[in-house]
Structures are given as structure tokens and as C-alpha cells.
Amino acid sequence: MSSTKKGLLERLANGPVIGDGGFVFALEKRGYVKAGPWTPEAAVEDPEAVRQLHREFLRAGADVMQAFTFYASEDKLTNRGNTAGKTIGVEAINRAAAKLATEVANEGGALTLGGISQCPSYLSQKPKADVQAEYKKQIDVFVSEGMDFLLCEYFEHIEEMEWAIEECRKTSLPVAASMCIGPEGDMHGVSSAECAIRMAKAGAHVVGINCHYDPFISLECIKKMKAGLDAAGLTPYLMCQPLAFHTPDAGKQGFIDLPEFPFGLEPRICTRWDMHKFAREAYDLGVRYIGGCCGFEPYHIRAVTEELLVERGGKAAAGSDKHMPWGEGLKMHTKPWVRARARRGYWENMQPASGRPHCPALSCPDNWGVTAGDKILHQQKEATRAEQIAEVEKIQMDKRSEEHTSELQSRIKSR
């Protein structure tokens, strides 16, 4: 880190730090990431695509360039037929991603981070030492590449999160930690408040949540976390990097259980005005690291930076001069009814129609209720076999039949 560049904790002490947005979903839509494994081979195979997305988030006002290392542990890169772990390698992917993030960060004085995520070894109930060994392969690269801080993100189980934080704290870098949970807590029933307490006690300097839920459900979770931390006398910084999809009907495992995941989520996308509201509510709640996860595009991050312009000391996003906050540029439109929309009040009160009249307002999540320790979650290196697909299809059909029967019985009782 440059001696003149303020570090993460110093920046957080002075005001909000804006993270970047979602890479795996954005790059999948652009044809650079495979849905399913969601692993970041593109850092090696298509570096220009990754570099350009970094630059778009930087231009939108992000203060941090997160290396594209989501799911880049070796066990994930060799899981269920993925060959990237052998053909490219865990070190090559993580090192290439770190270099790309650093290159773009240096163009705008941004921080860099290396991130680790939950891994198949934990789901398969491998021992702690084996799971931490997977993290270490990535962390060693981040340290050697001079990342400014580390992030443990996208963990569904607090135990695995504690193991990850513990491994990160063996370095001298600041550590942030965010779980992909909602207000109900982790997948083993540990409350969100207790998860926050345990993250802080494990040594994380910044704690919070990311992914799985929309901005406003995520903030409900943050409220519970904050209450738990306050009661325990713990004072880490809070972070929130939610989805950019509305998920009011999601179950305990969030948007993954929604039938639209991952290819039919577009009708749920949040508007930039939703992000203005999210940024304000997050900041007022005490969240100081504010960014986005899956579905967050650069224009979403730009909305966050515009909402917090004063709190950021007047630091505007490079793209704001073209967009102009709250649609001011619409004053130049040729149609008078469009010019009438050039005001904050119009967009703040907008309730956009979906444009999909034959679609239900909400969905029924696939709540299978399985988590680490369940036989069906044990992972494998070989590709998923046809009979394994048939097995999960049968479980899915039986589950839906069970739910249908339960619904009919409920209707009969209500008569």
C-alpha cells in the first residue's frame, strides 16, 4: 500500500466507504462466466472483460476494487467436473485477479481486497485444518500481491466463517467478514445477532452481510446484528453488500431457492432509486461499508455515491455529470411530459410496473431445508451424473407434491 493512501480502517473512521458491485452475475450475462460453478477463470481467460468491469465500478464511484476471486478455492475449482483447478490453477486465477484489481485501483486511488468464500470442503464435513488449507492457498497470494485488506464473504455457517476469519488474522491485514444470511440467521439456526457477535470476537474489524437478499431485507438483518453487537459491547464497523434483486418472497436461503434463480431474475431488478433509498437507510443505521453483490451494476453503485455525496465530502462519481442526480438531465428532453419527470419527488415515489401481466407477484421458494451435514450436500470432483440429477428431480417433485397436498388440506379445513 502506498504510504500516502489511507487504509480501510482510516477511511471508515472518516466516513462511508463504497464497495463495488457484482462480478459473477454481470460477467455471466456478458458470456465470460459459467452459471453453476460461478468460478472466476475469466481473470485469466478474459482479463480485459474483468478489467473493464473494474473500471466501470471505479468510474461509478467505488472506493474499493475487489479482486475477482469469488469461489476461487481449489476444492471449488475442481468440484463436480470443473477442470479449472487443474488446467489453470488456484494460484494463477487468484494472482491474475489480484493484479487486475490493483491495476485499476491505482488509476483512481482505490483500495484493493482479496476475498475468500465458503467452500465445498466444509459442506462435505472435512476437518477444520483441511478447510483452512483451502483458504490459505488464496490468502498467501493476496498477501504477496499487496492487497490492502481481506474479506471473508458469502458464508452460510458461522462456524466456517470463524475458521476463515481465524486464517485471515494470521496476516497483518485488516479483515472484513460478511455472511450470506437473512434475519433468521445462519443455516444451522444461529441467530443473525449471534453471528455478528461471533464474527467480531473471531477478530473481524468489519462485519455484516452480503448476497442472498435484497437491500431492505438485508438491512433488517443488519439491525439485528447491530443490536446484538451493542448488547455485547462490541464495536466493529458494519458492512452491507446486498443483492440488486427484490426478494420479499425468499426463504431462509434467499434468492437461490427462488424458481427464477439464476436465469429469470431480471423482473426483480432494483431501480437506481431503490439504491438511493438503500444507501440512505444503511448510512442512517450506522453502516459504513456500503456496496453491492449479485445484480449490482455500475449505475447502482453510482446511485449510492450520489445519495451519500455530502457524507463523502463532495466526492462525486465520474459518471454523475452525464446522468445528473434525480434525472435533472430530463429537463433537456423534447417531450414536455418527460421533462415533468426531472425532479426527485417523481422518482422517489415511482412504483414501476413489471410489464409482465401474466406473471405472479410472488414465487414459492424451493425450501428443501438441507444444510451442511446432509448427505445430499456432500461434494465430489467428478461431474454430476445423470442418476444424481434424477435423484434431485425426484426430491423436488415429492416436495412439490407434499406442498400441494398440504395446501389442499388447509383449504378444506378453512371451509
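The values are calculated or read from the model by the stated rules, or taken from the named source; none is laboratory data. Here the structure is a predicted model, which means the values were calculated and not measured. Ideal geometry is used to build each Cβ from the backbone, glycine not excepted, and the neighbour counts take in all protein chains shown. Accessible surface is based on the protein model in full, side chains and every heavy atom, while ligands, DNA and RNA are left aside. Shrake-Rupley method; radii C 1.70, N 1.55, O 1.52, S 1.80 Å.
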Worksheet item: Quick check: is even one residue across region 147-159 under 30 Å from Asp374 (Cα atoms), open to solvent by 40 Å² or more (accessible area, probe 1.4 Å) and at pLDDT 95 or above?
Response: yes
Worksheet item: Can we say Ile139 is in contact (Cβ under 8 Å) with a residue 12 or more places away in the chain and over 25 Å from Pro215 (Cα atoms)?
Response: yes
Item to complete: Report yes if Leu77 is closer than 23 Å to His378 by Cα and in contact with a Gly (Cβ under 8 Å, 6 or more places away or on another chain), otherwise no.
Response: yes
Worksheet item: Taking Glu48 and the conditions (1) over 18 Å from the mean Cα position of the chain (by Cα); (2) closer than 22 Å to Ile139 by Cα, which numbered condition does it fall short on, given that it satisfies the others?
Response: (2)
Item to complete: Give, as residue ranges, the helices (runs of 4 or more DSSP H) completely inside region 1-67 that count at least 2 residues that are in contact with a helix residue (DSSP H, G or I) (Cβ under 9 Å, 6 or more places away or on another chain) and either open to solvent by less than 30 Å² (accessible area, probe 1.4 Å) or aromatic (Phe, Trp, Tyr) (or both).
Response: 24-29, 42-45, 47-59
Worksheet item: Taking region 302-331, which residues are within 25 Å of Gln52 (Cα to Cα), among the hydrophobic types (A, V, I, L, M, F, W, C) and open to solvent by 40 Å² or more (accessible area, probe 1.4 Å)?
Response: Leu309, Ala316, Ala318, Met324
Worksheet item: Across region 79-91, what is the number of residues that are buried (at least 17 other Cβ atoms within 10 Å of the Cβ) and within 16 Å of Ala42 (Cα to Cα)?
Response: 5
Item to complete: Out of the residues in region 379-415 that are among the aliphatic types (A, V, I, L, M) and assigned to a helix (DSSP H, G or I), state the one that is modelled with the lowest pLDDT.
Response: Leu408
Item to complete: Look through Arg312, Arg272, Arg288, Arg280 and report the one residue that is without any contact (Cβ under 8 Å) to a residue 40 or more places away in the chain and more than 23 Å from Arg30 (Cα to Cα).
Response: Arg280
Worksheet entry | Single unsatisfied condition, Gly182 versus (1) open to solvent by less than 10 Å² (accessible area, probe 1.4 Å); (2) over 19 Å from the mean Cα position of the chain (by Cα) | (2)
Practice prompt. Answer yes or no as to whether Asn94 is open to solvent by less than 10 Å² (accessible area, probe 1.4 Å), closer than 18 Å to Gly146 by Cα, part of a helix (DSSP H, G or I) and not hydrophobic (A, V, I, L, M, F, W, C).
Written response: yes
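Conditions tested, residue by residue: (1) at pLDDT 90 or above; (2) farther than 30 Å from His157 by Cα; (3) open to solvent by 80 Å² or more (accessible area, probe 1.4 Å).
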| residue | (1), (2), (3) |
| --- | --- |
| Arg339 | yes, yes, yes |
| Ala342 | yes, yes, no |
| Ser354 | no, yes, yes |
| Leu362 | no, no, yes |
| Asp374 | no, no, no |
Discussion item. Looking at Glu348, Glu393, Glu387 in this structure, which one is farther than 29 Å from Thr83 by Cβ and open to solvent by 70 Å² or more (accessible area, probe 1.4 Å)?
Written reply: Glu348
Discussion item. Thr4 - would you say it is at pLDDT 95 or above and β-branched (Val, Ile, Thr)?
Written reply: no
Item to complete: With the condition kept exactly as written, say whether any residue in region 244-255 is out of contact with any Leu (no Cβ under 7 Å at 6 or more places or on another chain) and under 21 Å from Val33 (Cα atoms).
Response: yes
